[in-house]
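**Q** I am attaching a structure below and will ask some questions about it afterwards.
Coordinate-derived values only; no laboratory data. None of the values given here were measured: they were computed from a predicted structure. Here Cβ is always computed from backbone atoms with ideal geometry, including for glycine, and neighbour counts include all displayed protein chains.
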Amino acid sequence: MPVGTIAISRRRALLGAGGLLMAAIVPLERSRAATRIVEDQTGPFAPNAFVRIAPDGSITLILPNVEMGQGIYTGEAMLIAEELDVGLDQIQIEAAPPDDAYVTKALGTEATGGSTSTIATWTSLREAGAVARTLLVGAAANRWVVDPASCQTEAGVVRHVPTGRTLTYGELAVEAAALPVPTSPVALRDPSTFRLIGHAQHRLDGPAKVNGTATFGIDIQQPDMKFGTVAACPVMGGVLLHVDDSATRKIPGVRDVLTIGNAVCVVGDHFWATRKGLEALAITWDEGVNSTVSTETVYRGLHEALQGPAIVAHTKGDAKGAIAGAATRVEAVYQQPLLAHAPMEPINCTVHVTAERCDIWVGTQVPMRARDAAAEVTGLPKDKVFLHNQYIGGGFGRRLEHEYVTQAVQFARQVAYPLKIVWSREEDLALDRYRPAYVDHLVGGLDAHGKLVGLSHRIVGPAVVARWAPEALLPNGVDDDLLVATVETPYAIPAMFLDYARREAPGVVTAWWRGVGGTRGVFVIESFIDELAASAKVDPVEFRRRMTGDHPRARAVLDLAAEKAEWGSKLPEGVGRGVALQYVFGSYLATVMEVEVSQMGTVRVRRAVVAVDCGRVVNPDQVVSQIEGGLIFGLSAALFNEITLEKGRVQEKNFNSYRILRMNESPAIEVHLVDSTEDPGGIGETGTAAAAAAAANAMAAATGRRYRRLPLTGAQA
Amino acid sequence: MLTLQVNGAAHQVDVPDDMPLLWVLRDVLGLPGTKFGCGIGECGACTVHVDGKAVRACSLPASLVGDRPVTTIEGLAEDEVATEVTKAWLDIDVVQCGYCQPGQIMAAIALLKSNLHPSDDEIDQAMSGNICRCGTYRRIRAAIRNVAGAV
């Protein structure tokens, strides 16, 4: 088992080098009910990269994906525990360190994103548990000199059924470790016998997160640690020319002023001193080529590319011919803005660089990339960089970037002490890497019966993948994320032509944002399907239903959502009902939203009903939770959010100008899960993908006008 | 030198007069349960109790606290309402990323201590200053209702 061996030897090496360090960073004992988070657990029994059992009976599950709210620690622990046959109250959990054993194949690196975690680990983590259990049973059978088939397991104990003898997993750990790991697949439980999977389990991180003991990256405390905060050039690509820090150095509590090529860091005894120190700096930037970029520059470039050359990304049949011969032609242009991630936990990173090693405490969705960047900056070998992944206070794609880790290491390597860098909210918004702005142009043809005969679609916008994972850009130059929800739809579309004009956004770096291609694509396609239905004078649910063809799962969620939302029942004046149907991240969703648009144009979302078929469900209540939260996240953006630029500078400074949906603005949300035995789909981003389309369609129903520009405002014509 | 009463103990701290309570708690006293979210009182992540009232620690200079007792998420162990609130939060798995939740919980406790049976409007009024990016609002409201029913 080379995979397991690599992981174990790395851990042992770390333990040897860092025993003292470990003592400082293992959190205090949680309350009795709380699951312990541990780090670098060794145990003689380590049959793979995910399970460690020690003779003292401690059972550690190492979870390949990081917890940022989506409930993955609980879900993945359930997958292992189901097959290992232990209770969730018997385990401690550990965030996977950077290691090849934890690479997500679909993402090409060790990463948590794209709603891939459950899909990727559904089989592999159950197998990891089953292999461990098989070895433990084998060890018991050897000790008793009995047939392994005469043994059963339950809650961390092996029992010899005929004699009633028992041994705990801890008692068997040393002997199990001596057995060869099976090379052929081990049998997995029949789903009908699942004790955990499919049954709602409380979140393992719940107790620590309600009693304030959960440690996020920003909460890290290290001996002799100092605090830093950063001002980077507010214009992307600009560099530092000069800094006068004479006033800053007089401020009580300020200890150091550090510089790198494009940023200044003030170091002090606490964040307040660093903040005051930063304000007292006189910084001269060379703002570079982007100092004239404005929001208009961004949109103008996108709209201009609606004409002219583009790459053909997808064709099916003769869409243009079908449209030319259609009874009715429908056309629309949709525009979507730059968006910030704005997680509640501002960007932060704690780093300690010595001659021998570099320790990084951070919440990251890409631990291996962050580690590799630190190795490059420090010149240390990768195995001397130790990344300690923490709870993430909201990821949403922001922590798929690691430039803030690179920056923190660049500063920290200049000092001897551990340095905790925390960005202000203003810095967090101004130096985010943004969801791109896009413009889409769609033309559809309807026959005399109101049936869609052809769809032509041009997408204009950046190719995020070209920067994030250049090797994944399709050979024809298309970012296949843009084909999500546009080519892969829940519909039978007889003829389609889709082309792509790549336009990188000037003045900003663009990045993944919750829902990625699904969020942008569902808004466009589901808005346009609604426009087609209106043109065909067919009810929007019925119009979609007729198009679901060979997607029975899509039809089922559509019917369920329509029924539960009382589709077609009368609504008060000024209130409209809209629907969105989607197949993204391997899951089917139908969302019906009720939205009120006042005479003044004020928009209020009253109710959302969602029907979900995400295949086999691991932790049902957490699926519901992700849909609820994902919708709210999507609605914040759909109703309020747009990053704007002036003279190359982001204008949105804080939550007063980048508004977030609040409790009094949030709709009632009902989520209905469809029973399914299909393999699991992703769920963390689906609700977000649904939000804008369902809201825009409901607003159109309320007012009789179309809403083709995000953010949605009632006044839009 | 200031003397602050935090979670039932007196602490002497040597900090600038304009330093917000948030940073005294987090960076000087080592109580990181109270979170930094915006620094301008817009998000509520830093909500603590001063004299039993919910306040934004990021915008309150520590020098203005005086001898009024400060309670943070770390100082709730003995409190009956707090015990019910945290239990209600766990019963229906309110949390997602959890970063805003100490602030949400402190706001909820302050509400319930002044009004044990708040209406939905009163819950909205008390809680809408606290942003949750994960969108756990529906469950927060439900948990507060459940406490009102339980106590």
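**Q** Taking the stated definitions as given, is B:G135 out of contact with any Lys or Arg (no Cβ under 9 Å at 6 or more places or on another chain), buried (at least 23 other Cβ atoms within 10 Å of the Cβ), closer than 27 Å to A:R203 by Cβ and of a type in the set (G, A, S)?
**A** yes
**Q** Answer yes or no as to whether B:D51 is at positive phi, surrounded by fewer than 20 Cβ atoms within 10 Å (Cβ to Cβ) and either within 12 Å of chain A (Cβ to nearest Cβ) or not small (G, A, S) (or both).
**A** The answer is yes for B:D51.
**Q** Across region A:654-666, what is the number of residues that are more than 9 Å from chain B (Cβ to nearest Cβ) and of a type in the set (K, R)?
**A** Within region A:654-666, residues that are more than 9 Å from chain B (Cβ to nearest Cβ) and of a type in the set (K, R) number 1.
**Q** Let me ask something additional. From B:A82, B:A88, B:A107, which residue is within 11 Å of another protein chain (Cβ to nearest Cβ), within 28 Å of A:R659 (Cα to Cα), among the hydrophobic types (A, V, I, L, M, F, W, C) and buried (at least 16 other Cβ atoms within 10 Å of the Cβ)?
**A** Step by step, each of B:A82, B:A88, B:A107 is checked, and only B:A107 is within 11 Å of another protein chain (Cβ to nearest Cβ), within 28 Å of A:R659 (Cα to Cα), among the hydrophobic types (A, V, I, L, M, F, W, C) and buried (at least 16 other Cβ atoms within 10 Å of the Cβ).
Here is a yes/no grid of residues against (1) touching a Leu at 6+ places or on another chain (Cβ under 8 Å); (2) surrounded by 21 or more Cβ atoms within 10 Å (Cβ to Cβ); (3) away from every other protein chain (no Cβ under 14 Å):
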position	(1), (2), (3)
A:V609	no, yes, no
A:P620	yes, no, no
A:I632	yes, yes, no
A:A668	no, no, no
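**Q** Being in a loop (DSSP other than H, G, I, E, B), out of contact with any helix residue (DSSP H, G or I) (no Cβ under 7 Å at 6 or more places or on another chain) and touching a residue at least 60 places away in the same chain (Cβ under 8 Å), is that true of even one residue in region A:625-634? Explain how you work it out, then say what you get.
**A** So in region A:625-634, the residues in a loop (DSSP other than H, G, I, E, B) come out as none.
Looking for residues that are in a loop (DSSP other than H, G, I, E, B), out of contact with any helix residue (DSSP H, G or I) (no Cβ under 7 Å at 6 or more places or on another chain) and touching a residue at least 60 places away in the same chain (Cβ under 8 Å), one finds none in region A:625-634, hence no.
**Q** Any chance you could count how many residues in region A:204-223 are more than 7 Å from every other protein chain (Cβ to nearest Cβ) and out of contact with any Pro (no Cβ under 9 Å at 6 or more places or on another chain)?
**A** 2
**Q** Condition test on A:V377, is it touching a residue at least 12 places away in the same chain (Cβ under 8 Å) and buried (at least 24 other Cβ atoms within 10 Å of the Cβ)?
**A** For A:V377, the condition - touching a residue at least 12 places away in the same chain (Cβ under 8 Å) and buried (at least 24 other Cβ atoms within 10 Å of the Cβ) - is not met.
**Q** For A:D440, only one of the following conditions fails: (1) part of a loop (DSSP other than H, G, I, E, B); (2) crowded, with 23+ Cβ neighbours inside 10 Å; (3) over 21 Å from the mean Cα position of the chain (by Cα). What is its number?
**A** In the conditions (1) part of a loop (DSSP other than H, G, I, E, B); (2) crowded, with 23+ Cβ neighbours inside 10 Å; (3) over 21 Å from the mean Cα position of the chain (by Cα), A:D440 misses (1) alone.
**Q** Could you list, in sequence order, all residues of region B:2-34 that are within 13 Å of chain A (Cβ to nearest Cβ), more than 15 Å from the chain's Cα centre (by Cα) and in a loop (DSSP other than H, G, I, E, B)?
**A** Listed by number, the residues that qualify are B:D14, B:V15, B:P16, B:D17, B:D18, B:M19, B:L29, B:G30.
**Q** Let me ask something else. Return yes or no: is A:T677 more than 10 Å from chain B (Cβ to nearest Cβ) and either assigned to a helix (DSSP H, G or I) or more than 24 Å from A:R544 (Cβ to Cβ) (or both)? Talk me through it step by step, then tell me what you get.
**A** Values: more than 10 Å from chain B (Cβ to nearest Cβ): yes; either assigned to a helix (DSSP H, G or I) or more than 24 Å from A:R544 (Cβ to Cβ) (or both): yes.
Spelling it out, A:T677 is indeed more than 10 Å from chain B (Cβ to nearest Cβ) and either assigned to a helix (DSSP H, G or I) or more than 24 Å from A:R544 (Cβ to Cβ) (or both).
**Q** Continuing with this model, one more query. Give the number of residues within region A:660-686 that are hydrophobic (A, V, I, L, M, F, W, C) and within 13 Å of A:T118 (Cβ to Cβ).
**A** Here is the first cut: in region A:660-686, the residues hydrophobic (A, V, I, L, M, F, W, C) are A:660-661, A:663, A:668-669, A:671, A:673-674, A:683.
Checking which are within 13 Å of A:T118 (Cβ to Cβ) leaves us with A:683.
Qualifying residue count, region A:660-686: 1.
**Q** Exactly one of (1) closer than 28 Å to A:Q390 by Cα; (2) surrounded by fewer than 24 Cβ atoms within 10 Å (Cβ to Cβ); (3) small (G, A, S) is unmet by B:A57. Its number?
**A** (2)
**Q** Out of all the residues in region B:61-73, is one or more more than 22 Å from B:C38 (Cβ to Cβ) and either in contact with a Pro (Cβ under 8 Å, 6 or more places away or on another chain) or surrounded by 24 or more Cβ atoms within 10 Å (Cβ to Cβ) (or both)?
**A** Applying the first criterion (more than 22 Å from B:C38 (Cβ to Cβ)) to region B:61-73 yields B:66-69.
Right, trim to either in contact with a Pro (Cβ under 8 Å, 6 or more places away or on another chain) or surrounded by 24 or more Cβ atoms within 10 Å (Cβ to Cβ) (or both) and you get none.
No, every residue in region B:61-73 fails to be more than 22 Å from B:C38 (Cβ to Cβ) and either in contact with a Pro (Cβ under 8 Å, 6 or more places away or on another chain) or surrounded by 24 or more Cβ atoms within 10 Å (Cβ to Cβ) (or both).
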